[in-house]
Amino acid sequence: MSTTPEAADKPAKPLPDLADAVTAPFWAATREGRLTVPRCTSCGYRLWPPEALCPQCQHAEFAWEEVEPAGTLWSYATYHRALDPAFADELPYVVGLVELTCGLKMYGLMRGDPADLVIGRPVTALFEPVDDEVTFVRWKAAADG
Ligand SMILES: [Zn+2]
């Protein structure tokens, strides 16, 4: 492993496939600063992550509902090795599992002071645009006090 990587050799970070019909509504909403999740139009089951078929009834149509971009920190892990080399420049980074106020759980990169990472603490979503098309959802725990 090289200890002096050059910027030109840096691998590109992966971006979502915006043409994927299963997840496209999610990315359209994050572009507008909204957090949405799919709900089966047949049985009403709400799921995350999105799937092509409802895991409860195999129906293939979903309505996307806006949910509160907030929840509590359910768990987290600090990464000291990048699983994808493209993220090596962000080490160490923290991946959190957030329990949304609607009850679903969502993984995401955590921002802010690591000292604020306390299980059960309130977290809110941050919408971080990468470009004109892609906006990622990151999470930030409430500050202590
Ligand atoms: Zn269903």
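Just so you know, all these numbers are worked out from the coordinates, no wet-lab data involved. For clarity, every value in this text was computed on a predicted model and none was experimentally measured. A quick note on method: Cβ atoms are made from the backbone with ideal geometry, for glycine too, and the neighbour counts reach across all protein chains shown.
Structure data summary
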{"item": "Built amide H within the under 5 Å cut-off of Val118, gap 5+", "result": "none"}
{"item": "Additional length obtainable on full extension of the chain from Thr124 to His80, 0.36 nm per residue less Cα span", "result": "13.4 nm"}
{"item": "Cα gyration tensor category, rounded, prolate or oblate, for the chain with a/c compared to 1.5", "result": "oblate"}
{"item": "Estimated 222 nm signal from helices in the chain, with DSSP H stretches of n ≥ 4 weighted -39500 (n - 2.57), rounded to 500", "result": "-1500 deg cm²/dmol"}
{"item": "Two-site FRET efficiency, Ala115 against Glu32, from Cβ-Cβ distance with R₀ of 35 Å, rounded to 0.05", "result": "0.65"}
{"item": "GluC sites (Glu not before Pro) restricted to segment 1-107 and DSSP loop, no more than 16 other C-beta within 10 Å", "result": "Glu6, Glu32, Glu51, Glu61"}
{"item": "Residues in segment 102-145 that a label on Leu15 would reach, taking backbone N under 15 Å of a point 7 Å out along Cα→Cβ", "result": "128-137"}
{"item": "Relative contact order (%) - criterion: Cα under 8 Å, at least six apart; region: segment 23-145", "result": "23"}
